[in-house]
Amino acid sequence: MSDFDHEQGAARETLCRLLAACYYQPGPEFAEEKVFDTILDTATRVHPDLVAPARRLGEAFAASDPQTLLIDYTRLFLGPVNALAKPYGSVWLTGESSLMQNSTMDVLGLYREGGFDISEDFRELPDHIAAELEFLYLLIFRENEAQRNADLDALAATEALRKRFLAGHLAPWVDRFIAAVKDGAETDYYRALADLTQRFIAIEVHRALDS
């Protein structure tokens, strides 16, 4: 535990939380809260491969008209009829358009095991990409807390759950979702977001395999 990089751990935690936020409807609060400055700062602390897409993400948001971003967000994730990149794990894991399948119940089970409660204000399905990134954020947060407290039991349990979640659920579908975002996006912002998300999750998968 003495080799744990607390600064990098905190950066992983923050970056994951902000990536999740970027999959909600874009709004002026992103600029007001300097979200993209923080994303770039934390990406720099996590891994060199994340720096370029993090920088592109902030630059693309600053250069984009808010209405254009909203239209692209709607086309990709909401529809109006068929979203180009449906943000639900069940769609990509089963190849079917119907939602709330067995894979959705599986991820809900992981959430319950991890003590992750979905807010009543959350209007999406539990296997939405934002919810899954928020769960990963929670696991990283708890890992950092266990490291700070030298709690070996909590650390082992959190690491085991994070490995199961990544290997058994998020990693098997996220690349196909990301490819759909990149293919369908009309803005540099969503292409950069897809690239940054894919690289971050790949790093987390490798970290899980090495731990």
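One table, with the values for the structure above:
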item	result
Scope the range 111-134; condition of a type outside the set (Phe, Trp, Tyr), surrounded by 12 or more Cβ atoms within 10 Å (Cβ to Cβ) and either modelled with pLDDT under 75 or not in a helix (DSSP H, G or I) (or both); matching residues	Gly114, Ile118, Glu124, Leu125, Pro126, Asp127, His128
Members of the range 64-84 found to be loosely packed, with under 15 Cβ neighbours inside 10 Å and closer than 12 Å to Ala31 by Cβ, listed by number	Pro66
Subset tally (residues that are within 15 Å of the chain's Cα centre (by Cα) and surrounded by fewer than 19 Cβ atoms within 10 Å (Cβ to Cβ)) for the range 180-198	1
Near pairs, Cβ below 8 angstrom, 6+ apart or cross-chain, from the range 182-199 (without any contact (Cβ under 8 Å) to a residue 24 or more places away in the chain and more than 11 Å from Ser64 (Cβ to Cβ)) to any residue that is acidic (Asp, Glu) and in a helix (DSSP H, G or I)	Lys182/Asp195
Candidate set from the range 66-110 (those that are more than 13 Å from Glu186 (Cα to Cα) and hydroxyl-bearing (Ser, Thr, Tyr)); member that is modelled with the highest pLDDT	Tyr88
Index of the failed condition, Gly89 passing every other in (1) more than 30 Å from Pro66 (Cβ to Cβ); (2) in contact with a His (Cβ under 7 Å, 6 or more places away or on another chain)	(1)
Leading residue by the ranking (farthest from Leu196 (Cα to Cα)) among those in the range 40-58 that are in a helix (DSSP H, G or I) and touching a residue at least 60 places away in the same chain (Cβ under 8 Å)	Val46
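The values are calculated or read from the model by the stated rules, or taken from the named source; none is laboratory data. As the structure is a computational prediction, the values presented were derived from the model and not from experiment. So basically every Cβ, Gly included, is an ideal-geometry build from the backbone, and we count neighbours across all protein chains shown.
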